[in-house]
Amino acid sequence: MNVNPKDTHAVYERQATEFDKRRSKALFEARWLARFTASLKPGDHVLDLGCGAGDPIARWFMAEGFAVTGVDFSEAMLAIARERWPDGDWRNADMREFELEQQFDGIIAWDSFFHLTADEQKNCIARMAHHLRPGGMLMLTVGPRAGEVSGTVGEELVYHASLSPADYAICLEENELRMTGFLAEDPETQSRTVLMACKI
């Protein structure tokens, strides 16, 4: 595979407008979002990690009454989010090294976490666990099996990687997280593989 994970940031900076235009706003994610928030309540604080332009994921959480902090490493993507919701909490940071000095009731990384290498994912899970309160929920889109593949953003290729389901379970357990759901290539989410966990 000829796609370099270090190129992902530059691709999103170049393709932000095109990505946002093509990104489905139909909320095919709604069933998983509802499951993710089943143990939360309006007013709880959700971290949207890799929030992009904020639509539709952050928009859904805000509409449901949750406090949302959106974090992304692309200023071009955040600029779109800030234009849509100028009073929102939009922060520029890289999920590989973010430190927000607060804990959240839920953390979601939908279509973002899988851009990290396998080792970066393990480190990021530890970082996310640190930012979750006990009982807090985590939801990620990952790959159905261990390996590296490429995806597209706009017209450009980007890097994707995944651990195996068993390795995710082990990594979660090592960070006081318990896997509560895993569905590979869910046809209702345009074949996303979805992982959910709870902070013990």
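Since every read-out is calculated from the coordinates, none of them should be taken as a lab result. Values in this document were obtained by computation on a predicted structure and should not be read as measured data. Positions of Cβ are backbone-derived with ideal geometry, glycine not excepted, and every protein chain shown enters the neighbour counts.
Considering A93, A109, which residue is loosely packed, with under 15 Cβ neighbours inside 10 Å and among the small types (G, A, S)? Even if it seems obvious, please write down each step before you answer.
Values: A109 fails: loosely packed, with under 15 Cβ neighbours inside 10 Å.
Exactly one of A93, A109 is loosely packed, with under 15 Cβ neighbours inside 10 Å and among the small types (G, A, S), namely A93.
Kindly evaluate A38 against the criterion of being assigned to a helix (DSSP H, G or I) and among the small types (G, A, S). It is false that A38 is assigned to a helix (DSSP H, G or I) and among the small types (G, A, S). Applying the criterion of being under 21 Å from W60 (Cα atoms) and aromatic (F, W, Y) to the residues of the range 92-115, the residue that is nearest to the chain's Cα centre (by Cα) is W110.
Checking each residue in the range 85-113 for being touching a Leu at 6+ places or on another chain (Cβ under 7 Å), of a type in the set (F, W, Y) and closer than 18 Å to H45 by Cα picks out W90, F104.
Table: residues versus (1) in contact with a His (Cβ under 8 Å, 6 or more places away or on another chain); (2) among the charged types (D, E, K, R).
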position	(1), (2)
A109	no, no
E120	no, yes
G135	no, no
G143	yes, no
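Among the conditions (1) on the phi > 0 side of the Ramachandran plot; (2) surrounded by 15 or more Cβ atoms within 10 Å (Cβ to Cβ), the only one that R35 does not satisfy is (1).
The set of residues in the range 66-76 that are more than 18 Å from I107 (Cβ to Cβ) and either surrounded by fewer than 20 Cβ atoms within 10 Å (Cβ to Cβ) or among the aliphatic types (A, V, I, L, M) (or both) comprises E75, A76. Among the numbered conditions (1) part of a strand (DSSP E or B); (2) aliphatic (A, V, I, L, M); (3) under 21 Å from G151 (Cα atoms), the only one that M95 does not meet is (1).
Just to be sure before I move on: is A53 surrounded by 15 or more Cβ atoms within 10 Å (Cβ to Cβ), over 14 Å from the mean Cα position of the chain (by Cα) and more than 22 Å from M137 (Cα to Cα) in the structure I sent? In short, no.
How many of the residues making up the range 13-32 are surrounded by fewer than 19 Cβ atoms within 10 Å (Cβ to Cβ) and not hydroxyl-bearing (S, T, Y)?
So the first thing to find is which residues in the range 13-32 are surrounded by fewer than 19 Cβ atoms within 10 Å (Cβ to Cβ), and the list is 13-14, 17-18, 21-28, 30-31.
Now drop any that are not not hydroxyl-bearing (S, T, Y), which leaves 13-14, 18, 21-23, 25-28, 30-31.
The total comes to 12.
In the range 38-60, what residues are among the hydroxyl-bearing types (S, T, Y) and in contact with a Phe, Trp or Tyr (Cβ under 8 Å, 6 or more places away or on another chain)? Hits for the range 38-60: nothing passes.
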